[in-house]
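Structure record follows, encoded as structure tokens.
Just so it is clear, none of the values below were taken in a lab; they were calculated from the coordinates. All figures in this text were calculated on a predicted structure; none of them were measured in a lab. All Cβ positions, glycine included, derive from the backbone under ideal geometry; neighbour counts span all protein chains shown.
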Amino acid sequence: MSDAQRMNISVIRERAVLAAVLLPGAARAPDDPLAELRSLAETAGAVVIDQVLQPRNRPVAKTYIGRGKLEELAERVHAADGDVVVFDNELSPAQIRNIEEVVECKVLDRSELILDIFASRARSHEAKLQVELAQLEYTYPRLRAMWSHLERIVGGAPAGIGTRGPGEQQLEIDRRIVQSRKAELRREISRVQDRKRREIARRSTDFFTVGIVGYTNAGKSTLFNTLTDGQAYADDKLFATLDTRTRRWSLGGGDEVMLSDTVGFIRDLPHHLVASFRATLEESVHADLLLIVIDATDPAAEQHLDTVHDVLESIDTDDQPRILLLNKIDELEDNTDLLIWQSSRPTSVPISARRGLGLDRLVESARTHMRGESSRVTLRVPLRDGKALSFLESRATVHDRQYDTTHVDMAITIGQRQLDQLRATGCRFEVLGETTPKAEDR
């Protein structure tokens, strides 16, 4: 296989044979272990023509897959005229090289395939920066270790990243070029993160913020569009969304929150991608409430939920309240799986984002989280504090106003969370009295 083939990890229109070593305890759908890899390959544009599986207690050091199964894989690739083999495992550069020598075609592992998808889906400047850094952190060093011409020390003219020249001197030049570009990308992404944090901080001061998170293709963007008319790109594909979108979500009764749609999670997501997309995931880190969306029709939904929790823990989102949404209930053949979910997680909310089922309960639950426990209080607010007055007029139920020359006494019903939020803004007010609200005030 030529060096040019190995440098190109794109699989668009290529005929792909899938392969996996099934190790004990691996989180895969029991009835179709390669279902997710197949979806990833098809999302990347490949045409899946065959697959090879091998259960093992541990991988083979040299080729990951056993020798006999590797020879079978090569036979299937040649018989089906395959262009690429995609492994559902993390392979070392040496293992990729050894496998390619036998199958005589390009070999990618799961992480390289995900990187290829992210690169094709990145639209915003921010996403493109993050994908490029992840590629340099992960793909480039692995590819370099496999290029046979780097092992030959023969002279050559200097070349850029895309046109590698042989020789030990050129290898050092390449290293400096890549390190310089990585440093430049990190600085630019750091500026993006700083700007994003300031935007989120301002938004969190003015609004209650809600983040939609979940496994890829669980219906997050469809839910976002249904709740906000936000027109986020939604498709029945993995990683349809890479860029965060934020829109107002009206909960009724004058209550509004800011709702953000985020990139989907997936098991074994390359850690470089998690690190690179930290800026995108800031919406989740700082949200006041998280909506975790799960595809209730997926046989691997339980494993998907575990993956979501693992990723959230890795980005330090441990303390926000969460609502578990069991999506696509309109596609369930019966209610058996739904009843099992609800018995183990009684606070979960069954919904259909596509048909709008169950959204009334979701809205009510979100409103409860936004307001916190309500109480009826009288606040004395300086008339010159327009920010506090605007906050109370838009967030609280105002029952009465009594003015003097410098202050207004406002009798209101307000949630404890909203009152704490007002205090956090630095607004000056005095609590004159507090009573338990009547049922009609809540």
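What's the whole-number percent of alpha carbon pairs in segment 372-441 lying beyond 21 angstrom?
15 percent
What residues of segment 357-371 lie in the reach of a label at Asp229, counting those whose backbone N is under 11 Å from a point 7 Å from the Cα along Cα→Cβ?
Under cut-off, by backbone N: nothing.
Mind checking the full-extension length gain between His125 and Arg361? Use 0.36 nm per residue of separation minus the Cα-Cα distance, one decimal, nm.
Taking His125 through Arg361 to full extension adds about 81.2 nm, to one decimal.
Output ³J(HN,Hα) for segment 384-394: one whole-Hz value per residue in order, computed from phi by the Karplus curve 6.51 cos²θ - 1.76 cosθ + 1.60 with θ = phi - 60°, and x for Gly and Pro.
6, 8, x, 5, 5, 5, 5, 4, 5, 5, 8
Where Lys and Arg each count +1 and Asp and Glu each count -1, what net charge lies around Gly68 among other residues with Cβ under 15 Å from its Cβ?
+2
For segment 3-118, just list the percent of Cα-Cα distances falling in each 5 Å bin from zero outward, please.
2, 12, 25, 26, 22, 10, 2, 0
Report the dimensions of segment 298-436 along its three principal axes from the alpha-carbon atoms, largest first, rounded to Å.
Taking the Cα atoms of segment 298-436, the three principal extents are 66, 32, 26 Å.
Using amide H atoms built in the peptide plane, which far-off residues or other-chain residues are under 5 Å from Asp88 H to H?
Amide H neighbours of Asp88, under 5 Å, 5+ apart: Ala19, Ala20, Val21.
Output ³J(HN,Hα) for segment 369-377: one whole-Hz value per residue in order, computed from phi by the Karplus curve 6.51 cos²θ - 1.76 cosθ + 1.60 with θ = phi - 60°, and x for Gly and Pro.
Coupling constants for segment 369-377: 5, 5, 7, x, 5, 7, 8, 9, 9 Hz.
How high is the FRET efficiency between Arg58 and Ala79 when r is their beta carbon distance and R₀ equals 35 Å, given to the nearest 0.05?
0.75
Once both labels are modelled 7 Å past Cα along the beta-carbon direction, what's the Leu332-Arg423 spacing in nm?
Calculated label separation equals 4.1 nm.
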